[in-house]
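Report on the following structure.
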Amino acid sequence: MADTFNVLIADDNPGNRATLRALLSRLPACTVVEAGSGEAALLKTVETSIHLILLDMHMPGMDGFETARRLQMTERTRTIPVVFITAGYRADEFAAHGYAMGAADYLVKPIEDNLLLNRVRQYQHLHERELTLERCTSGLEASNVELRQALERLHMAQDKLVQSEKLAALGAIVAAVAHELNTPIGNCMTVASTLDDKIVEFERALADGSGVKRSQLQDYLAVSRTATQLMLRGLGRTADLVDSFKQVAVDHTSSQRRRFDLKQNIDSIVALMYAGLRKTPYRITMDIPEGIGMESYPGPIDQIISNLINNSVVHGFAGRSHGEILIRAETEGEYVRLMHSDDGCGMSDDVRQQVFDPFFTTRLGKGSSGLGMNICYNLVTGLLGGSIEVRNNAGCGSLFVVQLPKVAPAMAAAAPLVHA
């Protein structure tokens, strides 16, 4: 980008060109380019970057009018300001014709020196402003590119953090489910072992040849029936846990859009979360009506509920020997309002104002990443198209209010719709 202001003087009179050149030399950073004809002027605009043309109208061959017309025909030269200078064409119709040919100004000889210098200086200032604007535009474009790249990197990092938080939450659920499965499976093994002993004892009685007493047969049948019932109950509990875990695992590791019942969906995730709290003094109560159908993303909703429960346990109930969590839901037109409250220690005003900020935690250095509530906020306000706010619960504790549309926004519906 040139820093000098290049002025082309197109005049067939060398004396006129010399006079104008001497006059323009008074201007700083002004370079004069000369042409003795219209044809030479057009050639100069090809060879050099010209910022202003002082064009004599009366030249042999290609006059000023034709030269201006040719300049207007080329994209590169169309925007160059042209100042007509004439001594012969004084009538208004000539001036009008000159303006029609694209002239920016029309001066009649003899021209007062300061008038010409002021006109050229005005065009020079306009050129300098254009240069400044171009530099600013170029700088803004470069900054925009950097910002776009930074935003893309931020989105990638955010996606990785969300995925890692999903896997971390899923890992906690896996541990809780594994612990919960041990009880029914252990009971089934104990019952199966007892039944096996009874079978061996019964086989021995048959092998003795002395016959089996009615009381022995009744005892064996009673034990077998009880054992079968206990195993069926334990295996049913195990099957329910596995089914819930399979659905939660699918939802947690993907953001698949589908139709589902809100109560059934939250029941599954709470059952798995509650498995890890069974031996703690903390309790979860739910008040969610039947039949709230949604066409949305159950995985992110599961993750929000699990994050809110973990938040209550880790922060709200820290150091407390009891704790109650209440999860409620109500419909309002095309929206569902989810309310998660606890009777924990609550939050100060400062904490409440920062609770959704990334990497904010009151347990710095104690295993908390500070991303759980930020991920909840991004999921609710982004993918799910809703809103979330936190309030101090009446009396004590905290209350999170999540407002969600029953049908997720179309802009978030990139994933295929499946039926539960």
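Kindly indicate the residue of the stretch 23-41 that is over 23 Å from L126 (Cβ atoms) and not polar (S, T, N, Q) and also surrounded by the most Cβ atoms within 10 Å (Cβ to Cβ) among those meeting that condition.
Pass one, the stretch 23-41, residues over 23 Å from L126 (Cβ atoms): 36-40.
From what's left, not polar (S, T, N, Q): 36, 38-40.
Working: G36: 17, G38: 25, E39: 16, A40: 17.
Only one residue tops the list, namely G38.
Quick grid of which residues meet (1) within 30 Å of Y377 (Cβ to Cβ); (2) surrounded by 11 or more Cβ atoms within 10 Å (Cβ to Cβ); (3) without any contact (Cβ under 8 Å) to a residue 24 or more places away in the chain; (4) of a type in the set (G, A, S):
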{"site": "R119", "(1), (2), (3), (4)": "no, yes, no, no"}
{"site": "Q122", "(1), (2), (3), (4)": "no, yes, yes, no"}
{"site": "H127", "(1), (2), (3), (4)": "no, yes, no, no"}
{"site": "T132", "(1), (2), (3), (4)": "no, no, yes, no"}
{"site": "R135", "(1), (2), (3), (4)": "no, yes, no, no"}
{"site": "S138", "(1), (2), (3), (4)": "no, yes, yes, yes"}
{"site": "R153", "(1), (2), (3), (4)": "yes, no, yes, no"}
{"site": "M156", "(1), (2), (3), (4)": "yes, no, yes, no"}
{"site": "K160", "(1), (2), (3), (4)": "yes, no, yes, no"}
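What number of residues within the stretch 5-22 are closer than 25 Å to L131 by Cα and open to solvent by less than 10 Å² (accessible area, probe 1.4 Å)?
The number of residues fulfilling the criteria is 5.
Please determine whether any residue of the stretch 303-324 is part of a strand (DSSP E or B), in contact with a strand residue (DSSP E or B) (Cβ under 6 Å, 6 or more places away or on another chain) and either among the β-branched types (V, I, T) or in contact (Cβ under 8 Å) with a residue 12 or more places away in the chain (or both).
Step one: list which residues in the stretch 303-324 are part of a strand (DSSP E or B), which gives 323-324.
If we keep only those that are in contact with a strand residue (DSSP E or B) (Cβ under 6 Å, 6 or more places away or on another chain) too, we end up with 323-324.
Subsequent filtering for residues that are either among the β-branched types (V, I, T) or in contact (Cβ under 8 Å) with a residue 12 or more places away in the chain (or both) retains 323-324.
Yes, that holds for at least one residue.
Quickly run through the stretch 270-286 and pick out the residues that are under 33 Å from the mean Cα position of the chain (by Cα) and open to solvent by 50 Å² or more (accessible area, probe 1.4 Å).
Of everything in the stretch 270-286, those that are under 33 Å from the mean Cα position of the chain (by Cα) and open to solvent by 50 Å² or more (accessible area, probe 1.4 Å) turn out to be Y274, M286.
Cβ-Cβ below 6 Å, separation at least six or inter-chain, first residue in the stretch 23-42 and modelled with pLDDT of 90 or more, second of a type in the set (F, W, Y) and crowded, with 18+ Cβ neighbours inside 10 Å: which pairs?
C30/F5
Which condition number does I301 fail, the rest of (1) over 25 Å from T381 (Cβ atoms); (2) touching a helix residue (DSSP H, G or I) at 6+ places or on another chain (Cβ under 9 Å); (3) not hydroxyl-bearing (S, T, Y) being met?
Of everything listed in (1) over 25 Å from T381 (Cβ atoms); (2) touching a helix residue (DSSP H, G or I) at 6+ places or on another chain (Cβ under 9 Å); (3) not hydroxyl-bearing (S, T, Y), I301 misses just condition (1).
In the stretch 348-383, what residues are part of a loop (DSSP other than H, G, I, E, B), of a type in the set (A, V, I, L, M, F, W, C) and either modelled with pLDDT of 75 or more or in contact with a His (Cβ under 6 Å, 6 or more places away or on another chain) (or both)?
Within the stretch 348-383, the first condition is being part of a loop (DSSP other than H, G, I, E, B), and the residues that meet it are 348, 355-371.
In the following step, the residues that additionally are of a type in the set (A, V, I, L, M, F, W, C) were identified as 355-356, 359-360, 364, 371.
Those that are part of a loop (DSSP other than H, G, I, E, B), of a type in the set (A, V, I, L, M, F, W, C) and either modelled with pLDDT of 75 or more or in contact with a His (Cβ under 6 Å, 6 or more places away or on another chain) (or both): V355, F356, F360.
Determine whether the stretch 256-264 contains at least one residue that is assigned to a helix (DSSP H, G or I) and either of a type outside the set (A, V, I, L, M, F, W, C) or at pLDDT below 85 (or both).
Pass one, the stretch 256-264, residues assigned to a helix (DSSP H, G or I): 262-264.
Those still in the list that are either of a type outside the set (A, V, I, L, M, F, W, C) or at pLDDT below 85 (or both) too: 263-264.
Checking the stretch 256-264: at least one residue is assigned to a helix (DSSP H, G or I) and either of a type outside the set (A, V, I, L, M, F, W, C) or at pLDDT below 85 (or both).
Restricting to the stretch 99-112, count the residues that are in contact with a helix residue (DSSP H, G or I) (Cβ under 7 Å, 6 or more places away or on another chain) and either at pLDDT below 65 or not in a strand (DSSP E or B) (or both).
So the count comes out to 3.
Would you mind finding the one in V145, V162, V174 that is of a type in the set (A, V, I, L, M), part of a helix (DSSP H, G or I) and at pLDDT 85 or above? If you could, list the steps in order and put the result at the bottom.
Values: V162 fails: at pLDDT 85 or above; V174 fails: at pLDDT 85 or above.
On inspection, the qualifying residue turns out to be V145.
The values are calculated or read from the model by the stated rules, or taken from the named source; none is laboratory data. The model shown is predicted, which means the values in this text are computed figures rather than measured ones. Quick reminder, even Gly has a Cβ in these numbers, built from the backbone with ideal geometry, and neighbours come from all protein chains shown. The accessibility values were calculated without ligands, DNA or RNA, using every heavy atom of the protein model including side chains. Shrake-Rupley method; radii C 1.70, N 1.55, O 1.52, S 1.80 Å.
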